[in-house]
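Please treat every number below as a calculation from the coordinates, not as lab data. This one's a predicted model, so the numbers in the text were calculated from it and none came from an experiment. Neighbour counts are summed over all protein chains in view; Cβ atoms, including those assigned to glycine, are modelled from backbone coordinates with ideal geometry.
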Amino acid sequence: MDLDLKQWLDDGNYLPEPLKDFHDQKRVFQRLDEMVGRRDWPNGSPDWMTCQLFTIDVFLWFMASHGYTLQKSRLPHDRRPPFCDLGTTMEDYERRRMDAFAEMLKNRPR
């Protein structure tokens, strides 16, 4: 593998900005886990951590090493559906997590 490609991959430059930080990745995959829930998957349901590791460290890395990267849609405005905003989605998820944590603390046995 070319050293420039190796360095580019090692630096995580193939990832879009919202997925470059490990903790941001973690929150995205926890949100996905919440969204999907515990459905009946063949061979059991994968947990969010397994999905994160496979997606980031295997699939996206493999695809990037072949010249494919994940990117935001570049559809023209007149053909673009009303996409959800990732920042808003993640803020809502974090707010619900914090509210649930506060509720748990409030109702804990003393």
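Packing, taken as the mean count of other beta carbons within 10 Å per residue, orders the peptides 70-81, 20-31, 92-103 from highest to lowest as 20-31, 92-103, 70-81. Our estimate of slack between Leu105 and Trp61, defined as 0.36 nm per intervening residue step minus the Cα-Cα distance, is 11.8 nm. Computed extension gain for Thr69 through Val36, at 0.36 nm per residue and net of the alpha carbon distance, reaches 9.5 nm. All C-alpha pair distances within the chain, sorted into 10 Å bins from zero, spread as 11, 31, 33, 18, 5, 1, 0 percent across the bins.
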